[in-house]
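The values are calculated or read from the model by the stated rules, or taken from the named source; none is laboratory data. The structure presented is a predicted model; accordingly, all values stated were derived computationally and were not measured. FYI the Cβ positions are ideal-geometry reconstructions off the backbone, even for glycines, and counts take in every protein chain you see. Note: areas computed on protein heavy atoms with side chains; ligands, DNA, RNA excluded. Shrake-Rupley method; radii C 1.70, N 1.55, O 1.52, S 1.80 Å.
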Amino acid sequence: MKKRLVVVGGVAAGPKSAAKARRCDPEMEIVIYQEEEEISYAGCGLPYFVSGVIKQRDELISRTPEICLGRDPCQEEPPVESIDVKNRTVTGRNLDGEEVFTDHFDRLVLPRGPRR
């Protein structure tokens, strides 16, 4: 039976965790939930982009869902608002508090990174 990994968050740590999981178990289902359009960008390059040294925004994109996950989706959803460890689910809600999604996981990664 396939295991399902849910990663909450993108930028650097989330995609790196997903890529490592993919290498360890090529059959694992992997989903990344995040707010950003791109799952991974070179934040350290932002000063170079602002100053004009880097001309194209796309040059800051370090990983795409296809590179990182292969065939698995990256969900651009409202943020995960709650985690039910006992039932192994994550839930997201919109600004009105309405439940938008609930997803099941066998394994969960909560990567640490800068908070906006």
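Structure notes:
- V6 being open to solvent by less than 50 Å² (accessible area, probe 1.4 Å) and at pLDDT 85 or above: yes
- Those residues of the stretch 90-113 which are under 17 Å from M28 (Cα atoms) and either assigned to a loop (DSSP other than H, G, I, E, B) or without any contact (Cβ under 8 Å) to a residue 40 or more places away in the chain (or both), in sequence order: F105, D106
- Flag if K20 is open to solvent by 40 Å² or more (accessible area, probe 1.4 Å), at pLDDT 85 or above, within 23 Å of R112 (Cα to Cα) and assigned to a helix (DSSP H, G or I): yes
- Filter pass, L69 being modelled with pLDDT of 60 or more and either within 14 Å of the chain's Cα centre (by Cα) or open to solvent by 60 Å² or more (accessible area, probe 1.4 Å) (or both): no
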